[in-house]
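The values are calculated or read from the model by the stated rules, or taken from the named source; none is laboratory data. All of these numbers come straight from a predicted model, not from anything done at the bench. Here the Cβ positions follow ideal geometry from the backbone for every residue, glycine too, while neighbour counts run over all protein chains shown. Heads up: the accessible areas ignore ligands, DNA and RNA and are worked out on the full protein's heavy atoms, side chains in. Shrake-Rupley method; radii C 1.70, N 1.55, O 1.52, S 1.80 Å.
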Amino acid sequence: RAKSAGGNRFEVADAEADARAITRHGLTTALPTALERGEFFIEYQPLVHLGDGSVRGAEALVRWLHPQHGVLGPDRFIPLAEHTGLIVPLGRWVLEQSVRQARDWRERYAGTPSAPLRINVNLSPCQLTHPGLVQDTVEILQAEGVAPDALCLEVTESALIGADDDLLKPLRRLAEMGVDIALDDFGTGYSNLANLRRLPVSILKLDRSFTQSMQQFPADPVDLKIVEGIVSLAHSLDLAVTVEGVETGAQAEQLRILGCDTAQGWYYARPGPPERLHELALADATP
Ligand code: C2E
Ligand code: MG
Ligand code: MG
Ligand code: MG
């Protein structure tokens with residue numbers, strides 16, 4: 001009996017693995033037409049200044065409204081898009097939409113504290129090695145009349161570990177133009193801290209795992225020391241520190257005391273449609 005039950009479980013597990021593989025295959029083949037049919041959309045999550053609570057910008061996060069599976073998060077399809085190369089046109093589309101959105105916000109909030117609202121866009125490692133990156137970015141900014149310093153490109157720490165000069169060249173050119181480069185998910189990789197000097201980054205985005213360890217009060221003293229050390233190193237290198245995944249007021253307060261500059265997380269707002277940011281930024285502007 002036990003054996004047959006075990007066998008049964010095995011079959012179930014196998015069926016699940018099959019279903020996953022079929023879905024993965026189905027999603028992969030549906031990706032190119034999804035872009036043509038306009039099934040992707042972008043949610044924006046505000047970036048909040050920890051000192052005064054004002055909305056300073058937003059991160060663009062792509063989603064796929066799949067006709068059968070409903071809304072899929074980027075973790076479900078970005079790896080597939082990277083594998084097939086669709087990430088290049090998809091990434092360009094995200095950049096274009098986001099810069100256009102930033103232009104709209106900047107016009108809307110002229111004269112309010114949120115006027116210099118900035119936009120953060122994630123870059124996949126495949127986009128870094130694509131020769132059109134710099135030119136596409138310049139063209140999009142020019143077409144929308146948005147200054148380069150309104151844009152921040154987020155690259156994960158792991159994408160830049162061991163990066164040679166060829167890989168860094170396009171990022172350097174963008175940084176020279178005034179585009180900010182942020183090191184995303186910082187602290188999850190094993191990068192040599194001294195290596196930071198070599199990278200054309202101006203912002204560290206501290207990974208959510210650090211924020212999570214600020215959950216208890218008082219937080220783990222070792223974690224506090226680590227974050228304190230990262231923040232002071234970052235500031236001494238002229239890098240700003242953004243924290244991800246802030247879910248509670250206690251975390252926000254702790255991270256503010258530790259000297260972090262900007263925060264992002266559910267405590268302030270979940271990623272949402274662009275109109276949601278209108279409310280937040282305008283609420284912020286009313287005295
Ligand atoms: P990321 O760039 O580190 O983005 C932050 C992720 O944390 C987002 O997940 C966001 O929804 C989530 N998050 C924000 N605040 C909180 C919080 O308080 N608690 C928790 N638990 N989570 C929070 P999402 O939207 O699922 O995106 C996942 C990843 O997909 C992103 O991580 C980014 O690496 C990638 N991604 C998203 N959009 C794009 C894109 O347009 N291009 C590329 N190449 N990658 C993208
Ligand atoms: Mg990011
Ligand atoms: Mg991140
Ligand atoms: Mg992350």
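I'm checking my understanding of the structure. Among residues of the range 81-109 that are open to solvent by 20 Å² or more (accessible area, probe 1.4 Å) and of a type in the set (A, V, I, L, M), which one is farthest from the chain's Cα centre (by Cα)?
Restricting attention to the range 81-109, the residues satisfying the condition of being open to solvent by 20 Å² or more (accessible area, probe 1.4 Å) are 82-86, 88-89, 92-93, 96-97, 100-101, 103-104, 106-108.
With the extra rule that they be of a type in the set (A, V, I, L, M), the set shrinks to 86, 88.
Working: Leu86: 19, Val88: 16 Å.
Checked the range 81-109; the qualifying residue farthest from the chain's Cα centre (by Cα) is Leu86.
If I ask for residues that are of a type in the set (Asp, Glu) and open to solvent by 40 Å² or more (accessible area, probe 1.4 Å), which ones from the range 12-40 would you list?
Those that are of a type in the set (Asp, Glu) and open to solvent by 40 Å² or more (accessible area, probe 1.4 Å): Asp14, Glu16, Asp18, Glu36.
Taking the range 55-82, which residues are of a type in the set (Gly, Ala, Ser) and more than 17 Å from Gly272 (Cα to Cα)?
Filtering the range 55-82 down to residues of a type in the set (Gly, Ala, Ser) leaves 57-58, 60, 70, 73, 81.
Result: Ala81, single match.
Within the range 263-277, how many residues are outside any loop (DSSP other than H, G, I, E, B) and open to solvent by 30 Å² or more (accessible area, probe 1.4 Å)?
2
This table checks each residue for (1) within 16 Å of ligand 3 (Cβ to nearest atom); (2) within 20 Å of the chain's Cα centre (by Cα); (3) under 20 Å from Arg256 (Cα atoms); (4) surrounded by 18 or more Cβ atoms within 10 Å (Cβ to Cβ).
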| residue | (1), (2), (3), (4) |
| --- | --- |
| Asp164 | no, no, no, no |
| Gly178 | no, yes, no, no |
| Ala182 | yes, yes, yes, yes |
| Thr188 | yes, yes, no, no |
| Asn195 | no, no, no, no |
| Lys205 | yes, yes, yes, yes |
| Ser209 | yes, yes, yes, no |
| Val222 | no, no, yes, no |
| Lys225 | no, no, yes, no |
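Do we find that Val246 is in a loop (DSSP other than H, G, I, E, B) and either in contact (Cβ under 8 Å) with a residue 60 or more places away in the chain or open to solvent by less than 10 Å² (accessible area, probe 1.4 Å) (or both) in this structure?
Taking the combined requirement at face value, the residue satisfies it.
Taking the range 181-213, which residues are more than 15 Å from Leu153 (Cβ to Cβ) and within 16 Å of ligand 4 (Cβ to nearest atom)? Let's see the steps before the verdict.
At the first step, the residues of the range 181-213 found to be more than 15 Å from Leu153 (Cβ to Cβ) are 187-198, 206-213.
Matches in the range 181-213: Gly187, Thr188, Gly189, Ser191, Leu206, Asp207, Arg208, Ser209, Phe210, Thr211, Gln212, Ser213.
Identify the residue in the range 114-159 that is within 16 Å of ligand 4 (Cβ to nearest atom) and part of a helix (DSSP H, G or I) and, among all such residues, is most open to solvent (accessible area, probe 1.4 Å).
The extreme case among them is Ser158.
Quick test for you: out of Pro218, Pro200, pick the one residue that is on the phi < 0 side of the Ramachandran plot, in a loop (DSSP other than H, G, I, E, B), away from ligand 2 (no atom under 16 Å from the Cβ) and surrounded by 13 or more Cβ atoms within 10 Å (Cβ to Cβ).
Sole residue among the options that is on the phi < 0 side of the Ramachandran plot, in a loop (DSSP other than H, G, I, E, B), away from ligand 2 (no atom under 16 Å from the Cβ) and surrounded by 13 or more Cβ atoms within 10 Å (Cβ to Cβ): Pro200.
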